[in-house]
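Here is the structure we will look at, set down as structure tokens.
The values are calculated or read from the model by the stated rules, or taken from the named source; none is laboratory data. Since the structure is predicted, the reported quantities are computational estimates derived from the model, not experimental observations. Reconstructed Cβ throughout: ideal geometry from the backbone, glycine too, with neighbour counts over all protein chains shown. SASA here: full protein model, heavy atoms, side chains in, ligands and nucleic acids out. Shrake-Rupley method; radii C 1.70, N 1.55, O 1.52, S 1.80 Å.
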Amino acid sequence: IGVPDRIDEHPDGIFVMDYKTSTVSPKAPQMIGLGYRLQMPIYALAAANHYEKPPIGIQFIELTRKGSRGSGIFFSAWNGKETGSLTKTTARSSSLVDASPAEVWGKLAEEIDAHTRRYISGKVIVKPKPAKTGGPYAECDSCFVRDACGQRRFLDDRDEDEAEGGADE
């Protein structure tokens, strides 16, 4: 159960926003390409169904000192300085998408449907985002459900090795 923080109506459709108190906000490639962090795409598709208007973008707004608004799924058709634009980001932003909205939302709907079928079947695959440095995955150390995938055991084993001086000593 969830509710998006904000839905703006535009003549072309709806634009969904969510406020975040952290700086961990996914960008388009994570959601579209990796099927990762699908909460906002789920909100956008549900709102589109409810309001009978197509989703034309999603945006994470960070409530931090930096106040970034650069993460989400932004379509080129509604990006720029012109009147009616919803975002104003550079062409090198990984949140800016050139593909058609129908193609993107169709792909996301398929990914969400596949996740749903796996949950219903009981075959849930836990696939956290790989870490750039440090542990095996970026979010395992702070995940409160890591027992579900066995990461707690892995982390506890790693902690025991470190406490004993590690295998290399």
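Does any residue in region 100-116 that is open to solvent by 80 Å² or more (accessible area, probe 1.4 Å) come within less than 7 Å, Cβ to Cβ, of a residue that is of a type outside the set (Asp, Glu) and at pLDDT below 95 six or more places away or on a different chain, and which pairs are these?
Lys107/Ile32
Tell me the residue from Thr87, Thr64, Thr83 that is open to solvent by less than 60 Å² (accessible area, probe 1.4 Å) and at pLDDT 85 or above, please.
Thr87
Could you tell me whether any residue of region 102-119 is part of a loop (DSSP other than H, G, I, E, B) and in contact with a Pro (Cβ under 7 Å, 6 or more places away or on another chain)?
no
Considering only residues that are over 17 Å from Gly35 (Cα atoms) and either open to solvent by less than 40 Å² (accessible area, probe 1.4 Å) or of a type in the set (Ser, Thr, Tyr) (or both), which ones fall in region 67-80?
Gly67, Ser68, Gly70, Phe75, Ser76, Trp78, Asn79, Gly80 - these are the residues of region 67-80 that are over 17 Å from Gly35 (Cα atoms) and either open to solvent by less than 40 Å² (accessible area, probe 1.4 Å) or of a type in the set (Ser, Thr, Tyr) (or both).
So Tyr43 clears everything in (1) of a type in the set (Ser, Thr, Tyr); (2) within 27 Å of Val124 (Cα to Cα); (3) open to solvent by less than 20 Å² (accessible area, probe 1.4 Å) except one condition, right? Which one?
Going through (1) of a type in the set (Ser, Thr, Tyr); (2) within 27 Å of Val124 (Cα to Cα); (3) open to solvent by less than 20 Å² (accessible area, probe 1.4 Å) one by one, Tyr43 breaks only (3).
Applying the selection to region 37-48, what residues are in a helix (DSSP H, G or I), free of Cβ contacts under 8 Å to residues at least 40 places away in the same chain and more than 15 Å from Pro101 (Cβ to Cβ)?
Hits for region 37-48 are Gln39, Ala46.
Of all residues in region 75-96, which are within 20 Å of Ile61 (Cβ to Cβ) and out of contact with any Asp or Glu (no Cβ under 9 Å at 6 or more places or on another chain)?
Selection gives Asn79, Gly80, Lys81, Ser85, Thr87, Lys88, Thr89, Thr90, Ser93, Ser94, Ser95, Leu96.
Give me the residue from region 1-36 that is assigned to a strand (DSSP E or B) and out of contact with any Pro (no Cβ under 8 Å at 6 or more places or on another chain) and, out of that set, surrounded by the most Cβ atoms within 10 Å (Cβ to Cβ).
Among those residues, the one meeting the criterion is Ile7.
Just checking, how many residues over region 51-61 are closer than 19 Å to Val3 by Cβ and either at pLDDT below 95 or surrounded by 16 or more Cβ atoms within 10 Å (Cβ to Cβ) (or both)?
The total comes to 7.
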